[in-house]
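Colleague: Quick one: the structure is below, and I'll ask about it shortly.
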Amino acid sequence: MNDILICKKDIGTFCSNLKEQFTVYGVKQKEEGFYVFDEIDEFSDPLKDYIPTILPPKKYLFPQQETLLRFDTQPLPDVKPVIESRKQVLFGVRPCDIHGISLLDKIFTADHDDKNYTRKREETVIIGMDCLEPCYEHALCASVGCLNVDDGYDIMMTDIGDYFYTSIKTSQGEEIVRKYSKYTGAGEEDRKRFLRLRNDREGKFENKIKTDISNLPLIFKNADNDPVWDELNDRCLGCGRCNIVCPTCYCFDVYDCMDLNMTSGERCREWDACTLKDFAVVSTGENFRSTRGQRLRHRFNRKFNYLMTRYNTSFCVGCGRCTRSCPVNIDVVETVNAVIKNNKTDDK
Ligand code: SF4
Ligand code: SF4
């Protein structure tokens with residue numbers, strides 16, 4: 001399907017119509033300056049300017065707590081998987097969060113299909129909202145290659161004035177647009193305006209990592225003894241907030257909850273955080289990352305070295321949530337740039 005225009009005044013109706021078939025999650029203002037993804041009744045136009053939500057929309061694919069199976073021990077042992085999913089639309093997802101979901105797609109299908117994730121993902125439609133300027137001062141999406149998004153969504157909307165210039169990526173996106181929205185075809189002038197706005201945005205994103213990101217795995221590999229980790233050891237509180245708000249963090253803990261009868265129960269998982277003290281404690285009691293500096297070094301290596309080496313893409317998508325949420329103002333860009341400064345060789 002060619003690109004189309006959806007008039008802004010028709011977006012609310014589009015959203016309402018989607019509810020015939022889907023649960024629709026979009027952005028709501030929680031309080032001044034804070035936004036959340038939540039079930040919405042209708043799209044609210046001013047929220048097109050929202051800054052990243054407190055938690056990323058990954059929570060609808062990988063919930064904070066989730067039951068994986070139910071079991072009985074009597075009369076005979078019996079285990080039943082629990083996989084919950086529903087047809088859902090994530091409406092107005094930013095490019096950084098779309099990249100985040102695409103990375104989770106890779107992680108949760110890497111060695112085997114994680115059915116609790118993939119079933120939800122299969123039932124999810126993503127309607128993106130493109131960014132034409134930095135949403136706030138912490139955004140580093142352009143610097144980590146995540147401002148432009150070519151995949152991972154069904155529909156992408158760009159604000160070109162009275163209309164959203166709308167590109168359709170998947171057959172599901174096309175079906176939805178045909179069935180639920182009022183639209184017209186985009187003309188040549190609309191397309192030129194759309195391209196001009198997209199080109200103009202390039203110079204506006206100033207929060208920058210000071211090297212080509214492809215250099216980062218090697219820089220971090222050589223930075224194990226960098227003094228920045230000692231400095232952060234003294235500042236970091238080990239609270240885990242930076243992990244919890246991150247769209248690409250996917251570590252979880254698994255535990256069993258017995259019912260009161262002690263013969264049945266359920267196995268659950270919930271988000272875990274590598275910056276928490278007990279994250280790397282093993283059964284003999286040793287802790288492989290007992291200091292906060294070691295744990296932060298590990299977290300940064302996960303984003304810019306280990307997973308980047310494995311998947312050939314940055315595992316920081318540049319949303320800036322960790323910087324915004326840190327109670328002691330540990331800034332992802334400042335930290336990466338300090339590591340670069342201390343470890344950069346002349347040829348990089
Ligand atoms: S590391 Fe920070 S800026 Fe990067 S994706 Fe995670 S929360 Fe966003
Ligand atoms: S949010 Fe800040 S203080 Fe808390 S663990 Fe992360 S870096 Fe440390």
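The values are calculated or read from the model by the stated rules, or taken from the named source; none is laboratory data. Keep in mind that this is a model prediction, so the values were computed, not measured. Counting neighbours? That spans all protein chains shown, and the Cβs are built from the backbone with ideal geometry, glycine included. All accessible areas refer to the heavy atoms of the entire protein, side chains included, with ligands and DNA or RNA removed. Shrake-Rupley method; radii C 1.70, N 1.55, O 1.52, S 1.80 Å.
Colleague: Please pick out the residue among C239, C246, C274 that is within 14 Å of ligand 2 (Cβ to nearest atom) and in contact with a His (Cβ under 8 Å, 6 or more places away or on another chain).
Modeller: None of the others qualify; the one that does is C274.
Colleague: Here's a follow-up. Can you list the strands (runs of 3 or more DSSP E) lying wholly within the stretch 34-140 that have 3 or more residues being open to solvent by less than 30 Å² (accessible area, probe 1.4 Å)?
Modeller: 88-93, 124-129
Colleague: Follow-up question, since we're still on this one. Where residues in the stretch 191-233 are basic (K, R) and free of Cβ contacts under 8 Å to residues at least 12 places away in the same chain, which of them is farthest from A142 (Cα to Cα)?
Modeller: K192
Colleague: Out of L147, L132, L61, I need the residue that is under 30 Å from R193 (Cα atoms), of a type outside the set (D, E, K, R) and either outside the structural domain of V24 (by TED's automatic domain parsing) or within 16 Å of ligand 1 (Cβ to nearest atom) (or both). Which one?
Modeller: From the options L147, L132, L61, the qualifying one is L147.
Colleague: Here is a further query. Go through (1) modelled with pLDDT of 95 or more; (2) open to solvent by 10 Å² or more (accessible area, probe 1.4 Å) and name the single condition N301 misses.
Modeller: (2)
Colleague: Scan the stretch 236-246 and tell me whether some residue there is part of a strand (DSSP E or B), in contact (Cβ under 8 Å) with a residue 24 or more places away in the chain and surrounded by 15 or more Cβ atoms within 10 Å (Cβ to Cβ).
Modeller: no
Colleague: With the requirement that a residue be out of contact with any Cys (no Cβ under 8 Å at 6 or more places or on another chain) and open to solvent by less than 60 Å² (accessible area, probe 1.4 Å), what does the stretch 325-348 give you?
Modeller: D331, V333, T335, V336, N337, A338, V339, I340, N343, K348
Colleague: Something else now. Does any residue of the stretch 233-252 turn out to be closer than 20 Å to E66 by Cα and over 16 Å from the mean Cα position of the chain (by Cα)?
Modeller: The answer is yes; a qualifying residue exists.
Colleague: Looking at this structure, is L260 without any contact (Cβ under 8 Å) to a residue 24 or more places away in the chain, in a loop (DSSP other than H, G, I, E, B) and either in the same structural domain as G318 (by TED's automatic domain parsing) or within 12 Å of ligand 2 (Cβ to nearest atom) (or both)?
Modeller: Criteria met by L260.
Colleague: Also, I was wondering about something else. Hey, among the residues in the stretch 301-341 that are more than 12 Å from ligand 2 (Cβ to nearest atom) and among the charged types (D, E, K, R), which one's farthest from C131 (Cα to Cα)?
Modeller: Residue satisfying both the conditions and the ranking: K341.
Colleague: With the structure loaded, tell me whether E286 is open to solvent by 20 Å² or more (accessible area, probe 1.4 Å) and within 13 Å of ligand 1 (Cβ to nearest atom) or whether it fails that test.
Modeller: no
Colleague: Considering D150, D114, D159, which residue is farther than 20 Å from F252 by Cα and free of Cβ contacts under 8 Å to residues at least 40 places away in the same chain?
Modeller: When all the criteria are applied, what remains is D150.
Colleague: A further question on this structure: What number of residues in the stretch 296-332 are touching an Asp or Glu at 6+ places or on another chain (Cβ under 8 Å) and more than 9 Å from ligand 1 (Cβ to nearest atom)?
Modeller: Residues meeting the conditions: 1.
Colleague: A further question follows. Of the numbered conditions (1) away from ligand 1 (no atom under 14 Å from the Cβ); (2) open to solvent by 40 Å² or more (accessible area, probe 1.4 Å), A223 satisfies every one except a single condition; which is it?
Modeller: (2)
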